[in-house]
Structures are given as C-alpha cells and as structure tokens.
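Every number here is computed from the coordinates shown, using simple stated rules; none is lab data. Because the structure is predicted, anything quoted here is derived from the model rather than measured. A quick note on method: Cβ atoms are made from the backbone with ideal geometry, for glycine too, and the neighbour counts reach across all protein chains shown.
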Amino acid sequence: MLPSDRYEFFATGQPMRLSLFFRFTLAGCLALLFSLLHAEPLKILHVMSYSADWSWTQDQLRGFREGLGISDITLRVVELDAKRKSPEQLKLAAKDAIELIETWKPDLVYTSDDVVQTEVAVKFINSKIPFVYSGVNKEHRDYGFDKSSNVTGVLEREHFLGTLSLLREIRPSLRRLRLAIVLDDDPTWVGVAGRIRADLAGRKDVEVVEWLQPKTFEEYKANMLALQGKVDAVGLLGVFLFKKPDGKFADYEEVLHWTADNSTLPDFAFWDTRVERGTLVAMAVSGVEQGLLAGRMARRILVDKVPPSSIPPGATAKGRPMISLARARKLGLSINSGVLLNTEVLTRFAWSP
C-alpha cells in the first residue's frame with residue numbers, strides 16, 4: 001500500500017463528488033499520477049555549507065522535511081563544514097558532493113547557506129536536477145540563478161531594525177545609538193553589511209561609527225577592549241574566522257564566552273545560536289522557517305511538477321525576539337517585565353553547568 005502522504009489530497013474528510021472530480025486542476029492530476037506511479041522513494045540530497053551538529057543547520061533541515069511533507073524519501077546529507085576546514089579541504093569536500101550528485105542523481109538537491117552555492121550549486125545551473133536553497137545571504141542573481149531553469153530558494157534576511165528596536169526596549173535611554181559592527185573575512189558579510197547600510201540610510205538616530213574586521217582572536221580582543229565606553233552597543237556578526245596562535249580558528253562559543261566575560265557593552269546579532277552563547281539580544285532569523293519555506297518549494301517541484309524557475313525566490317518575514325537574561329544580569333541591566341513576557345528569554349549561558 002502506498003503511504004498516506006502519497007495521496008493526501010484525497011483525504012478531505014468528505015465523500016468525493018463527481019462534480020469535484022471534474023474540477024481537478026492539471027496540477028492535481030499530475031500530483032495523483034506522481035503518487036500512483038512513483039513507487040520508489042524520492043532521493044533527496046542535502047548539501048550543507050556547515051556542519052550537521054550546528055543547531056542552525058539542524059533547524060533548517062527539520063523545517064525542510066516538515067515543509068516537504070513526504071515521508072517516503074531516501075535522504076543523504078553532505079557536510080562541507082566550511083567554518084572549520086581550510087580552503088583546500090573545502091574544495092575537496094565540494095568535489096565529493098559534486099561527484100555524489102552526478103552518480104546518485106537525486107530527485108532534488110537541497111542546499112543550505114551561501115558557501116555551498118558557490119562551491120556546488122553553480123556547477124549545476126540549468127541541469128535537469130532541481131535545486132532548492134535556504135539561508136542564502138547574497139542575492140539570487142549573484143549566483144546566476146536568475147538565468148537558471150532549475151534553481152529557486154529562500155533568502156536569509158536579517159531583522160536589523162527589529163533587533164535595534166528590541167535593544168532600545170531594554171535600554172530606553174539610548175535615544176541615539178552609536179554602534180560598532182564586527183565582521184570576519186567570510187564573504188557572507190558583504191551582503192549583510194550592505195543591507196545594514198541601506199537600512200540606516202537617512203536615519204539620524206543610529207550611526208555605525210566602527211566597522212571592525214579583525215584577523216586574529218587577539219586582534220578581536222584588543223578591538224573589543226578599545227571599544228569600551230566609545231559606543232553604545234556592538235553587533236557581533238562575523239565571529240568565526242579569528243585565528244589563534246596555533247593557526248586554528250577560535251570556536252565562536254569561545255569568542256562569545258570571552259566577550260561575555262570581558263565586555264561591558266550590550267551586544268546584538270540576528271541568530272538564536274548567538275543569544276544561547278551570551279549575546280544580549282536578537283530578533284532572530286528562524287532556521288526552521290527558512291527550511292519550512294524551502295521544503296514547501298521542493299514539494300511544489302516534486303509533487304505539483306512546478307518548474308523551479310516558476311517559483312520566485314522568497315524570504316521569511318517572521319523573526320524571534322530573544323534576550324539572554326544571563327548576559328543582562330552580567331551587564332547590570334534591569335529589563336521591564338513586559339519586555340520579558342513578549343520575548344524568548346534564555347536564563348543561562350550555553351557553557352553554564
């Protein structure tokens with residue numbers, strides 16, 4: 001017997017009338033044909049830019065599977081692990097992913113975050129295999145996907161102004177915000193910085209007075225100590241590619257742990273994993289929402305037979321207001337109970353026992 005989700009559009013709870021039968025759309029008929037004839041499980045390959053142990057990546061995949069809504073699949077996962085591998089190692093991992101796509105021939109490839117688009121997805125522009133992405137910071141056209149028949153997906157767009165509004169709710173005395181923004185060398189941040197500048201164009205109440213791009217963990221520490229008392233808050237965006245004396249990159253939890261112990265500045269980011277690790281506030285981009293929308297796109301492609309090029313790339317609008325109460329206490333901040341009631345509150349640091 002076919003799994004129930006192969007023919008779910010029959011399960012209306014009402015007897016099917018003949019008149020409704022003749023009202024089937026072409027898409028509905030194709031979906032029925034698909035469910036009856038596609039006896040083999042669908043082959044889905046997920047190529048992720050980072051690692052499978054990162055909650056951001058896990059959330060995207062969980063949302064994708066929910067949005068796809070098809071249980072009878074064979075899922076394979078490839079980790080490029082770009083934040084921990086050298087450029088040479090990354091190229092080898094991408095080569096393995098490309099070879100797997102060419103030999104396994106999945107029914108659809110789901111790619112998450114920007115690195116995999118550059119290293120893998122662009123190699124398959126206008127191929128017969130459909131690609132759906134999520135968590136992408138660059139523009140659709142930056143990868144040439146606007147000229148491709150087989151690629152669509154979900155753009156990651158930060159809730160910058162929403163995050164600043166949340167910060168102001170915590171510090172209402174900050175009428176005019178002087179900010180510093182910290183980035184690393186990941187090209188992802190070029191687009192993020194451009195959108196921040198666009199959001200601030202013409203505003204008199206917010207100014208980025210420092211754009212910092214330290215190369216090493218020691219340089220980051222020196223930059224942060226020099227900022228104390230000079231700005232009102234700091235945006236901790238790119239904190240992954242700071243080299244330590246042994247040549248390895250400092251883990252971002254180590255970076256944020258040091259920051260919580262040594263900085264008296266309120267800080268912000270746009271992701272839940274940062275608040276978990278001590279960053280004060282975020283109107284967080286939801287990885288689940290990113291994956292959910294990507295999964296729904298994939299379902300339209302696989303079940304409804306909609307060409308990827310007919311599905312415009314989109315972005316998720318829903319953000320998650322988050323506050324690290326542990327960080328607020330360390331900064332000596334008293335937060336209004338009304339703010340806490342309407343916010344996801346984390347009472348401990350990720351490294352706390």
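Evaluate the charge dipole of the chain about its Cα centre and quote only its size in Debye, nearest 20, assuming +1 on the Cβ of each Lys and Arg and -1 on the Cβ of each Asp and Glu.
780
Taking the highest mean first, how do the peptides 218-226, 171-179, 320-328, 200-208 order by number of other beta carbon atoms within 10 angstrom per residue?
Sorting 218-226, 171-179, 320-328, 200-208 by mean packing, highest first, produces 320-328, 218-226, 171-179, 200-208.
On C-alpha positions alone, give me the angle between the axis of helix 26-37 and the longest principal axis of the chain, in degrees, nearest 10.
Roughly 80 degrees, rounded to the nearest 10.
Tell me the label-point distance for the pair Ser334, Asp205, using the 7 Å Cα-to-Cβ offset, in nm and rounded to one decimal.
2.4
If the convex hull of the alpha-carbon atoms of segment 184-251 is projected onto planes in all directions, what is the mean projected area in square nanometres?
5.0
Using the 2.2 N^0.38 Å rule of thumb for compact globular proteins, work out how the chain stacks up: its C-alpha Rg over that value, please.
Compared with the compact-globule rule of thumb, the chain sits at 1.11.
State the dimensionless ratio Rg/Rh of segment 201-353 (Rg: radius of gyration of Cα atoms; Rh: Kirkwood radius).
My calculation of the ratio gives 1.06.
Can you pick out the pairs among Lys91/Lys123; Lys215/Lys248; Lys123/Lys147; Lys95/Lys215; Lys138/Lys243 whose Cα atoms lie more than 23 Å from each other? All intermediate terms of the calculation are to be shown ahead of the outcome.
Details: Lys91/Lys123 13 Å; Lys215/Lys248 12 Å; Lys123/Lys147 13 Å; Lys95/Lys215 28 Å; Lys138/Lys243 25 Å.
Pairs exceeding the cut-off: Lys95/Lys215; Lys138/Lys243.
Arg175 to Asp142: extension gain in nm, 0.36 nm per residue of separation minus the Cα-Cα distance? Working shown, then result.
On the way: separation 33, 0.36 × 33 = 11.88 nm, distance 3.68 nm.
Here the segment from Arg175 to Asp142 would lengthen by 8.2 nm.
Take the alpha-carbon positions of segment 99-163, form their convex hull, and give its projected area averaged over all directions (one quarter of the hull surface) in nm².
On the way: hull surface 18.6 nm².
About 4.6 nm², averaged over all directions.
Would you calculate the separation in nanometres between label points at Lys244 and Ser127, each defined as 7 Å from the Cα along the Cα-to-beta-carbon direction?
Calculated label separation equals 3.7 nm.
If I fit a long axis through the Cα atoms of helix 287-302 and take the longest principal axis of the Cα atoms of the chain, what angle between them do I get, 0 to 90°, rounded to 10?
Tilt of helix 287-302: around 20 degrees.
Roughly how tilted is helix 160-170, in degrees to the nearest 10 and between 0 and 90, from the longest Cα axis of the chain?
50
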